[in-house]
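One structure is given here, and the rest of the page talks about it.
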Amino acid sequence: MNPLKKIKTSIGNFILAKKQKRLKRTKKVHNLTTAKDIGVLFEVTHMEDYHKIDPFLSFLSEKDINLFALAYYPRKEIPENLHGISTLNIFCNGDLNWYRRPKGLVIDKFMRKNFDILIDLSNGNYFPVKYINNLSKAGFKVGKNGKSGFEHDLFIQINENHEENFYIEQLKYYLSNINKNNGV
C-alpha cells in the first residue's frame, strides 16, 4: 500500500472507530426462517467472483427473503460487464471520499437498512467493505475467520485451503440451523 493510501486509511479507521462508538443496534440471532431482510456484502474483482456468489444470492431469493446485495469493485470505474447485472448493486473507488469512506445513494440505502442478517462474504482486504459492515445496524452480522477489525456476531472459521463455495455451504448450514428450536 502506498504511503498516501496508508494515511487515508488510518484517518478512515480513526473516524470509523468514533462512529462505531455511537452506533446503536439491537442484536438478535436470526436464521433463514426468521429473517425477512438480508444484506449481502462482498467484493468483486473479476466476473468470476460474482459467478461464485450468484447461486447463493439465488438461494436466498428463493427463500422469500428481501435481499440487498452490495459489492465493492476495488478500481476507479466499474467495468461494463458488471453494470448489466440487475440483482447487483456495486460501488467502486470512484464512490469513495478522501479518507476512503464509501458514499452514494446505494451505499446510504444499504447502511440505513435494518437487516435481520448481514452476511459478509468479503475476504477482509478492503477498508470500504469494513466501513459498511461495521456501521451496519443489522441485528445479526455473520462473517468468516474473525477478520481483523470486522464486527461480526457469528464467525465461521474456514481454512485458507477451502474455496468460496465451502464457506457458502457452511453459511447455508449454520443459518438454517442456528436458533432453530428457540420457539421463534
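The values are calculated or read from the model by the stated rules, or taken from the named source; none is laboratory data. Computed from a predicted model, the values in this text were never measured in an experiment. Cβ sites come from the backbone with ideal geometry, for glycine too, and all protein chains shown count toward neighbours.
Here are a few things to note about the model shown:
- Filter result for LYS8 (in contact with a helix residue (DSSP H, G or I) (Cβ under 8 Å, 6 or more places away or on another chain) and of a type in the set (D, E, K, R)): no
- Selection within the stretch 80-126 - over 16 Å from the mean Cα position of the chain (by Cα) and within 14 Å of TYR50 (Cβ to Cβ): GLU80, ASN81, LEU82, HIS83, GLY84, ILE85, SER86
- The numbered conditions (1) over 16 Å from VAL44 (Cα atoms); (2) hydrophobic (A, V, I, L, M, F, W, C); (3) modelled with pLDDT of 95 or more are all true for VAL106 except (3).
- All strands (runs of 3 or more DSSP E) inside the stretch 33-106 with 1 or more residues being free of Cβ contacts under 8 Å to residues at least 40 places away in the same chain: 66-73, 89-92
- Selected residue (only one of LYS130, LYS137 is in a loop (DSSP other than H, G, I, E, B) and either at pLDDT 90 or above or touching a Lys or Arg at 6+ places or on another chain (Cβ under 9 Å) (or both)): LYS137
Table: residues versus (1) crowded, with 17+ Cβ neighbours inside 10 Å; (2) closer than 20 Å to ALA71 by Cα.
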{"residue": "LYS6", "(1), (2)": "no, no"}
{"residue": "PHE14", "(1), (2)": "no, no"}
{"residue": "ALA17", "(1), (2)": "no, no"}
{"residue": "THR45", "(1), (2)": "no, yes"}
{"residue": "TYR50", "(1), (2)": "yes, yes"}
